[in-house]
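Since the structure comes first, as structure tokens, the remarks are kept for the end.
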Amino acid sequence: MTQLQNVLLAIDTINTADINTTLVDGISHPKELLYGQYMSACLEKYWPNASEHLQIAVRAQHVKRWHLKRADFADGKKGYLTWRKELGIFHAATAKSLMLDHGYSEVAAETTAAIIRKEDLKSNSESQTLEDVACLVFLQYYFDDFAAKHKEEKIIRIVQLTWRKMSDQGHEIALSLTLPPHLAKLVGKALA
């Protein structure tokens with residue numbers, strides 16, 4: 001196996017231990033393992049020439065996410081944002097460590113960690129692509145469940161916030177997705 005394959009396998013091995021599960025076609029999957037696979041599949045489909053740094057960053061975006069629980073942070077928006085920032089730092093450090101363990105250089109590992117931390121989001125094309133992939137995966141696989149749990153105003157606001165994070169290329173891909181009619185209607189309202 002290549003260095004890249006070894007790191008991706010190491011990420012998947014960690015995520016196999018996720019006690020949180022996602023049901024797909026009646027089969028239970030470790031939540032973050034499935035998420036990482038969705039992320040990699042999206043990257044491969046729309047950015048087939050992505051660097052190894054970006055391929056690892058995409059797969060490690062939620063590596064061992066269950067380690068830092070939302071409940072351990074303050075309620076409200078400030079607590080949520082603190083949790084999200086701490087998760088990004090944790091995921092980046094975990095990916096960096098795995099890369100170093102598998103023979104990548106300090107520079108390569110830190111480059112990947114910076115992508116995961118989404119540093120220089122609008123000027124670093126790889127950080128921006130990671131954000132686009134995360135938004136696309138949300139729309140494809142998680143939007144329906146999210147929409148079922150929240151009021152329309154909140155859903156529209158979240159779609160608008162998501163849209164602002166994406167690049168023009170991300171927008172084009174998002175608009176090409178075939179969403180169920182009720183979700184497409186919500187996206188249409190959000191973008192109106």
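The values are calculated or read from the model by the stated rules, or taken from the named source; none is laboratory data. Model, not experiment: these values are computed from the prediction. Don't worry about glycine lacking a Cβ; one is built from the backbone with ideal geometry, like all the others, and counts go over all protein chains shown.
Does the range 29-37 include one or more residues that are part of a helix (DSSP H, G or I), acidic (D, E) and surrounded by fewer than 17 Cβ atoms within 10 Å (Cβ to Cβ)?
Looking for residues that are part of a helix (DSSP H, G or I), acidic (D, E) and surrounded by fewer than 17 Cβ atoms within 10 Å (Cβ to Cβ), one finds none in the range 29-37, hence no.
Test of understanding: among L100, L183, which residue is of a type outside the set (F, W, Y) and not assigned by TED's automatic domain parsing to the domain that holds K45?
Testing whether each residue is of a type outside the set (F, W, Y) and not assigned by TED's automatic domain parsing to the domain that holds K45 leaves just L183.
What are the residues in the range 48-81 that are at pLDDT 95 or above and either over 15 Å from the mean Cα position of the chain (by Cα) or in the same structural domain as S167 (by TED's automatic domain parsing) (or both), if any?
Passing the criteria: P48, N49, A50, S51, E52.
Pairs, please: C-beta under 9 Å, at least 6 apart or cross-chain, first residue more than 18 Å from A93 (Cα to Cα) and in the range 1-25, second surrounded by fewer than 11 Cβ atoms within 10 Å (Cβ to Cβ) and hydroxyl-bearing (S, T, Y)?
T21/S28; T22/S28
Kindly indicate whether K96 is closer than 24 Å to W47 by Cβ, basic (K, R), surrounded by 12 or more Cβ atoms within 10 Å (Cβ to Cβ) and without any contact (Cβ under 8 Å) to a residue 40 or more places away in the chain.
Yes: the conditions hold for K96.
Out of the residues in the range 131-183 that are over 22 Å from L43 (Cα atoms) and among the aliphatic types (A, V, I, L, M), which is surrounded by the most Cβ atoms within 10 Å (Cβ to Cβ)?
Checked the range 131-183; the qualifying residue surrounded by the most Cβ atoms within 10 Å (Cβ to Cβ) is I155.
Does the range 28-43 hold any residues that are within 15 Å of Y141 (Cβ to Cβ) and free of Cβ contacts under 8 Å to residues at least 60 places away in the same chain, and which are they?
Across the range 28-43, the qualifying residues are H29, P30, K31, E32, L33, L34, G36, Q37, S40, A41.
Scan the range 142-150 and tell me whether some residue there is touching a Phe, Trp or Tyr at 6+ places or on another chain (Cβ under 8 Å), modelled with pLDDT under 95 and among the hydroxyl-bearing types (S, T, Y).
No, because not a single residue in the range 142-150 is touching a Phe, Trp or Tyr at 6+ places or on another chain (Cβ under 8 Å), modelled with pLDDT under 95 and among the hydroxyl-bearing types (S, T, Y).
Looking at (1) in a loop (DSSP other than H, G, I, E, B); (2) closer than 22 Å to L136 by Cα, which is the one condition that is false for H53?
Looking at each condition in turn, H53 falls short on (1).
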